[in-house]
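Please treat every number below as a calculation from the coordinates, not as lab data. Just so we're clear, the structure is a prediction, and the values are computed from it rather than from any experiment. Cβ: placed from backbone, ideal geometry, glycine included. Neighbour counts: every protein chain shown.
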Amino acid sequence: MDAVTGWWDDYFWGSMIVLQVFFFSLLLMVLFGLIGAGAKLSDSRVAQKIASAYTVIFRGTPEILVILLLYFGSAIALTAIVQVFNPDVKFVDVPPMWAGTIAIALIVGSYATETFRGAFLGVRPGSIEAARALGMSNLQTFIYIRIPEMWRLALPAFGNHMLSLIKDTALISIIGLNETFFVAKQAIGTTGEPFTMYIVVGCIYLGFSTIITLSVMGMEKFGARTGEGAR
Amino acid sequence: MNFDLSLVTESIPKMLAGIGITFQLMALSAVLGLILAVILLLMRISGKWYLSWPAQVHIYIFRGTPILVQIFIIYYGLPQFEFIRDSVFWPILREPFGCAILALTLNTGAYVSEILRGGVLGVDHGILEAGSALGLSARQKFIYLTTPIAARLALPAYSNDFISLMKATSLASTITLMDMTGIARTIVAQTFAPYEVFISLAIIYMILTWIIQKTFGRIEKYLSRYVNP
């Protein structure tokens with residue numbers, strides 16, 4: 001473990017980058033998931049078809065391929081766009097962080113689409129009828145009845161989606177994001193101890209996933225505090 | 001920027017040359033992973049702490065870390081130790097193929113054992129009581145009652161994990177294996193045409209996913225042939 005001395009700060013900043021990617025991809029993942037679920041539940045045939053295509057494509061393709069395609073593909077597309085205005089530009093570099101964040105958010109968002117859709121359909125019709133009988137408006141029903149039931153239904157699967165996100169951040173190192181994995185590669189170059197360095201990376205990720213698992217468990221407990229009503 | 005169709009028709013046969021490695025990785029680690037998963041499951045439900053704890057630790061570690069890290073620890077990390085380079089396992093661990101199989105097996109074993117456990121816990125208590133009433137031993141109950149029912153209950157989740165495994169084989173390209181993704185990355189490095197190559201490859205993977213889904217759908221139908229609708 002002596003070899004790790006002097007690399008702790010690099011690992012720390014690497015972890016911060018993991019957290020940053022996780023945070024932004026989480027926001028985007030929820031957004032993509034909600035849009036996808038909304039499209040699947042809508043009456044529009046076109047929207048339904050587009051949403052199904054989205055889930056089929058991103059669930060059927062390896063994660064690394066999506067990341068590579070988005071990274072290299074967006075670089076080429078952006079270069080082409082910029083060259084229209086300024087032909088002198090040879091190449092536009094896309095930051096791996098953003099290409100990667102969007103890529104993993106798109107992948108996990110395709111799974112979240114099904115989760116959110118299931119949660120929406122899982123709300124008991126009796127609850128909605130009861131709200132109507134009490135004279136609640138549509139908006140009130142949505143805020144006071146649907147959302148509280150939906151987040152409890154979606155939580156277990158949503159916890160798994162968060163775990164997928166945090167683990168997928170490791171893949172972004174392939175396109176050169178300097179997160180913990182990347183730090184390990186550099187550290188190995190000078191210390192020649194690959195096992196130690198990669199074990200540190202593994203421990204960091206294990207820590208992150210433990211925190212996520214425990215928080216989801218805590219939230220599940222919080223959701224179940226009122227007993228039967230929450231199912 | 002235009003989509004070069006001739007490049008697509010040119011690169012697809014090249015990438016398909018790597019489908020053999022993808023299949024080998026998938027089949028070998030699926031079989032070995034399933035065996036590991038059953039062992040881990042038996043350890044967990046054995047009721048003995050010295051068996052269930054190691055199984056739980058294995059599942060916790062391999063589900064809590066990215067598979068890429070596991071592949072790298074095994075391929076780049078293990079050779080750091082002299083005793084591993086001297087051991088009988090070295091001919092396997094020296095090769096990227098052996099390392100990929102080992103990593104995928106350990107990883108999928110952890111996930112599948114949780115899926116199987118869900119199936120075992122889902123078996124109706126009444127059926128087991130009926131088994132006891134008929135005088136079946138604990139082992140007979142497990143083999144004749146729990147196993148067939150749990151297998152049917154676990155199958156939908158297992159098919160999802162099988163697809164994840166198929167997708168994870170693409171990570172073998174990060175340790176120099178020339179599977180379909182590895183070949184695609186080489187072609188892109190030469191031609192710098194990511195759209196054509198990666199999209200064609202994505203379609204190949206989607207077809208594989210579709211075939212796996214259909215196959216498991218068939219098996220599910222077959223296993224539920226005596227279940228009342």
Per-residue Cβ counts within 10 Å, from other chains only, averaged over B:163-171: what number is that?
4
For the pair A:LEU31/B:VAL31, report the inter-label distance in nm, with labels modelled 7 Å from Cα in the Cβ direction.
4.7 nm
Obtain the nm distance between the two label points defined at A:TRP151 and B:VAL88 by a simple spin-label model: each point lies 7 Å from its Cα along the Cα-to-C-beta direction.
5.7 nm
Give the separation of the Cα centroids, the range B:41-119 to the range B:1-37, in Å.
24 Å
Whole percent per 5 Å bin, from 0 to the bin with the longest distance: what is P(r) over all C-alpha pairs of the range A:15-177?
1, 9, 14, 16, 15, 14, 11, 8, 5, 3, 2, 1, 0, 0
14 Å beta-carbon shell around A:VAL18, net charge (K/R +1, D/E -1)
-2
I want to verify a result. In a Gaussian network model of chain A, Cα cutoff 10 Å, which of these has the top mean-square fluctuation: A:ALA130, A:ALA47, A:ALA99?
A:ALA130
So if I average 1/r over every pair of distinct C-alpha atoms in the protein assembly as shown and take the inverse, what Kirkwood radius in Å does that give?
24.4 Å
Please compare each pair in A:LYS49/A:LYS90; B:LYS14/B:LYS214; A:LYS185/A:LYS221 to a cut-off of 31 Å on the Cα-Cα distance and tell me which ones are over it.
A:LYS49/A:LYS90; A:LYS185/A:LYS221
If I take every Cα pair under 8 Å that is 6 or more residues apart in the range B:24-177, average their sequence separation and divide by the length, what percent do I get for the relative contact order?
34 percent
GNM on chain A, C-alpha springs below 10 Å: top fluctuator among A:TYR111, A:TYR144, A:TYR205?
A:TYR144
Using a 10 Å cut-off around each Cβ of peptide A:178-191, what is the average number of partner chain Cβ atoms that fall inside?
1
With r defined as the distance between the Cβ atoms of A:ALA3 and A:ASP43 and R0 fixed at 60 Å, what FRET efficiency is calculated, to the nearest 0.05?
0.45
For the range B:60-72, 3J(HN,Hα) per residue [Karplus equation, 6.51 cos²θ - 1.76 cosθ + 1.60, θ = phi - 60°, Hz, x = Gly/Pro]:
4, 5, 7, 8, x, 10, x, 4, 4, 5, 5, 4, 5
Per residue of B:52-63, other chain Cβ atoms within 10 Å number on average 1
Taking only the alpha-carbon atoms of chain B, the convex hull volume per residue, in cubic angstrom, is 159 Å³
Taking a spot 7 Å from the Cα of A:GLN83 along the direction of its beta carbon, which residues of the range B:159-192 have an amide N less than 19 Å from it?
B:188-192
Would you mind checking the tilt of helix A:8-41 against the longest principal axis of the Cα atoms of chain A, expressed as 0 to 90 degrees and rounded to 10?
40 degrees
Show me B:197-206, B:102-111, B:3-12 ranked by packing, highest mean number of other Cβ atoms within 10 Å first.
B:102-111, B:197-206, B:3-12
